[in-house]
Structures are given as C-alpha cells and as structure tokens.
Amino acid sequence: MEKLPHFIKSAYFKKDYPPHEGQEFAFLGASNSGKSSLINGILKRSLCKTSSKPGHTAIINFFKWEKSTILVDLPGYGYAKRSDKEQKKWRRSIEEYLKTRDQLKLCFILFDLKRGLMQNDLDLLEWLADLELSIILVATKVDKLNQKERSLKLKNAKAVADPLDIVLTSSLKKQGLDKLVEIMHF
Ligand SMILES: Nc1nc2c(ncn2[C@@H]2O[C@H](COP(=O)(O)OP(=O)(O)O)[C@@H](O)[C@H]2O)c(=O)[nH]1
Ligand SMILES: [Mg+2]
C-alpha cells in the first residue's frame, strides 16, 4: 500500500512532471503569500518547505494527497531580487504547466489579506481567465488581522476581485482549510 500523503518530486518542465491519471490542484500566488504553509495544512504534514526568505526557488513541487489527487506548489511570482534569467525561467516553467497540464482541475490563487490583492495577482487572474482555467481566490494569514481590519480588507479585496468569491484562511490557526478540502472533494 502506498503511504499518503507524500512528496512526489520537483520539476521545472513538462518532461519531468509525474505521470498519473488523477486530478491536480495548483497553488499560486506571490512569494511569501503562504502557499507552502497552506499545502502543509491540507496534507496535515510538513512535507512542503516553508520560508521567511521569499523566492529562493523557481521549481514546481508535486505532492500526492489522496489516492487520485495531487497538490501542486507553483513557484511564487513578484520576487524582485530574482535575476532576469531566473524571471524568464520562472515564467516559462509556470506557463508550460498551466497551458499543458491536462490533469489540472482548479487553481487556488493565494494572497496575504493584510497586503491585499496586488497588481501581480490581478495580472495572474487575467492570465488564468484567458487560459480558461478555473480559479478560487484564497486570502491567507487572516490571523494577523483583528475582526475589524479583516472585514475592511476583505471588502476591499472583494471590490477588486468581483465577481470571484474569496475563501478566508489561516494555516497557523487551521482556519478555512476544511473549506478548501470541501471544494477539492466537490
Ligand atoms: N501569521 C501567519 N503566518 C503565516 C501563515 N502562513 C504562512 N505564514 C508565514 O509566512 C511566511 C511564508 O510562508 P510560506 O508558506 O513559505 O509562503 P510561500 O512562499 O507562498 O510558499 C512564513 O514565514 C510562514 O511562517 C499564516 O496562516 N499565519
Ligand atoms: Mg513556498
């Protein structure tokens, strides 16, 4: 019997993606938006490396979660210290994945609620919509805000993201993760 969950592999390009007949859910967002922490929260294991130093890799990581479901940690964007060459490699890598991965069922786009939606996030939203991919917006680290700040930030984000819905999460407090699980099981 296969042990679940587990890390499958890392890849830059399609030739190295793991073959399988199940479905994939991708996690996208700026560096430091909390992608790896959220994936660990869903896996209920610390399999995915998290970091307070953003943007150190531009690699795609595949994690097997359930029998026929794989979670994909895509490299974060908007990391200014990346060189032009790295930036190009990042774009090629992420673009190839989004354009060619038949198993991709849904993209979760994460953003730190305290920072709000940034231009990079909006560009990504537009790009994914052009590719006709399904999108769910996920606000992260909501534990950093009190109730009042939270509703204000959410209101601002909703105004920009309309008509997309936003799921509120905190990996730290294990909030909202069940909602994401529910969406993936739907
Ligand atoms: N307060 C708080 N911090 C978080 C949360 N999720 C992630 N972080 C922190 O944010 C930083 C970046 O997280 P990480 O998961 O590595 O983000 P990634 O770069 O998008 O994969 C780390 O220092 C985490 O500890 C959360 O729910 N609450
Ligand atoms: Mg990460």
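Listed by first and then second residue, the pairs with beta-carbon distance under 9 Å, at least 6 apart or on different chains, first residue in the stretch 33-47 and under 12 Å from Asn61 (Cα atoms) and in contact (Cβ under 8 Å) with a residue 12 or more places away in the chain, second in a helix (DSSP H, G or I) and more than 7 Å from ligand 1 (Cβ to nearest atom), are Leu47/Ile39; Leu47/Asn40. Of the residues making up the stretch 157-184, those that are touching a Leu at 6+ places or on another chain (Cβ under 8 Å), at pLDDT 95 or above and not hydrophobic (A, V, I, L, M, F, W, C) number 4.
Filter the stretch 60-75 down to the residues that are within 16 Å of ligand 1 (Cβ to nearest atom) and under 12 Å from Leu47 (Cβ atoms), then identify the one that is surrounded by the most Cβ atoms within 10 Å (Cβ to Cβ).
Once the filter is applied, the top-ranked residue is Leu71.
When the residues of the stretch 10-51 are filtered to those that are over 16 Å from Gln103 (Cα atoms) and among the basic types (Lys, Arg), the one that is nearest to ligand 2 (Cβ to nearest atom) is Lys35.
Any residue in the stretch 96-117 that is in contact with a Lys or Arg (Cβ under 7 Å, 6 or more places away or on another chain), under 29 Å from Phe62 (Cβ atoms), free of Cβ contacts under 8 Å to residues at least 60 places away in the same chain and crowded, with 19+ Cβ neighbours inside 10 Å? Yes, that holds for at least one residue.
The values are calculated or read from the model by the stated rules, or taken from the named source; none is laboratory data. Quick caveat: nothing in here was measured; it's all calculated off a predicted structure. Positions of Cβ are generated from backbone atoms using ideal geometry, with glycine treated the same way; all protein chains shown enter the neighbour counts.
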